[in-house]
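Please read the structure below before turning to the comments.
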Amino acid sequence: MSGEKDDLDALMKALGSVVVIWGMVEDITRAFTRDVVLGDHVEENVERIILSETPFRTQLDILKKVAHIRRPNSDWFGRLAAQIAELSGWMHAERNRLIHDLWEQNEEGRILKYVRGKEETSVARKGGEWQLKVTGERAVPVADVEAFFDKAADAFDAMLALKGEYAQWKAGEARKEIIAGMVAQMARKQ
């Protein structure tokens, strides 16, 4: 029985870790979206209203589109686009499955996951007949949840690095504007 409790405790810890790291991924995405899309000239409360009313996947879509216009270079944008595709694609779907599905431990001590939501049932033609498919339980090793946590942590690190590169580029552009303004002002004085 102790081994079974340890397995369930490990699962709960792993799922909790996923919740925490995904919150961090959403927060860095929000900050990145603010920097690229809204810039420095939006009141903090207006920014919070806009971002709190914008779903995560929509923030990713907006970030990608505006970053394409305001990009430091093509390599940077390619890495951002790839990261956004991963976050808004399989990672978002897997995170939802981890959080919203039902987790139980059976009498044999196996950890089982029951799919909930729209993926729980489907109707499809098979051999000319319409059939209802009901998703049953499946065993999920805690290592699978931990592996997702690692991928989410990698995504967080990647978004943080891309945001940092953008900030450096933006600061360089601001310096260029200041210098150009000073040169123009000096030219007018002559």
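The values are calculated or read from the model by the stated rules, or taken from the named source; none is laboratory data. None of these values were measured; they are calculated from a predicted model. Every residue, glycine among them, receives a Cβ derived from its backbone with ideal geometry; neighbour counts consider all protein chains shown. We work out accessible area using only protein heavy atoms, side chains counted, and drop any ligands, DNA or RNA first. Shrake-Rupley method; radii C 1.70, N 1.55, O 1.52, S 1.80 Å.
Please give the per residue accessible area of the range 1-155, computed with a probe of 1.4 Å over protein heavy atoms only, in Å².
Numbers: 9540 Å² over 155 residues.
Heavy-atom accessible area per residue stands at 62 Å².
Can you send over the carbon and sulfur percentage of the accessible area for the chain, probe radius 1.4 Å, protein chains only?
Working: 6600 of 12240 Å².
Its accessible area is 54 percent carbon and sulfur atoms.
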Tensor-based shape of the range 55-190 (alpha-carbon gyration tensor, a/c under 1.5 rounded, otherwise prolate or oblate)
prolate
For the range 8-36 versus the range 135-175, the gap between their alpha-carbon centres in whole angstrom:
9
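Which of the trypsin sites (Lys or Arg not before Pro) found in the range 1-95 are loop residues per DSSP with 10 or fewer other Cβ atoms within 10 Å of their Cβ? It would help to have the intermediate numbers written out before the result.
Values: sites: Lys5, Lys13, Arg30, Arg34, Arg48, Arg57, Lys64, Lys65, Arg70, Arg79, Arg95; in loops: Arg70.
Qualifying residues, ordered by number: none.
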Viscosity 0.692 mPa s, temperature 37 °C: Stokes-Einstein D of the range 1-119 from its Kirkwood Cα radius, in µm² per second?
196
Projected area averaged over orientations for the range 113-190, convex hull of C-alpha atoms, nm²:
11.0
Among all stretches of the chain without exposed GluC sites (Glu not before Pro) (DSSP loop, at most 14 other Cβ atoms within 10 Å), which one is longest?
121-190
Positive-end extreme of charge dipole, the range 18-153 - chosen from His92, Ile69, Phe148 (charges on Cβ)
Ile69
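On full extension of the chain, what length is gained from Asn106 through Trp169, given 0.36 nm per residue of separation minus the C-alpha to C-alpha distance? Could you put the intermediate results ahead of the total?
Values: separation 63, 0.36 × 63 = 22.68 nm, distance 5.39 nm.
So the chain would gain 17.3 nm between Asn106 and Trp169.
In debye, nearest 20, what is the charge dipole magnitude of the chain about its Cα centre with +1 on Lys and Arg Cβ and -1 on Asp and Glu Cβ, if you could check? Write down the numbers at each step before the final one.
Values: 28 positive and 32 negative charges, 246 e Å.
That gives the chain a dipole magnitude of about 1180 debye.
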Gln105's amide H: which non-local residues (gap 5+, or another chain) put their own amide H closer than 5 Å, with H modeled 1.01 Å from N in plane and none for Pro or chain starts?
Leu112
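In Å, what Kirkwood hydrodynamic radius results for the range 37-88 from the alpha-carbon pair distances? Walk me through the numbers on the way to the answer.
On the way: mean 1/r = 0.0838 Å⁻¹.
By the Kirkwood definition, the hydrodynamic radius is 11.9 Å.
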Extending each Cα 7 Å along its Cβ direction at Asp144 and Lys189, get the distance between those two points in nm, one decimal.
7.0
Among Ser17, Leu162, Ala124, which residue has its Cα positioned farthest towards the positive end of the charge dipole of the chain, with +1 placed on the Cβ of Lys and Arg, -1 on the Cβ of Asp and Glu, and the dipole taken about the Cα centre?
Leu162
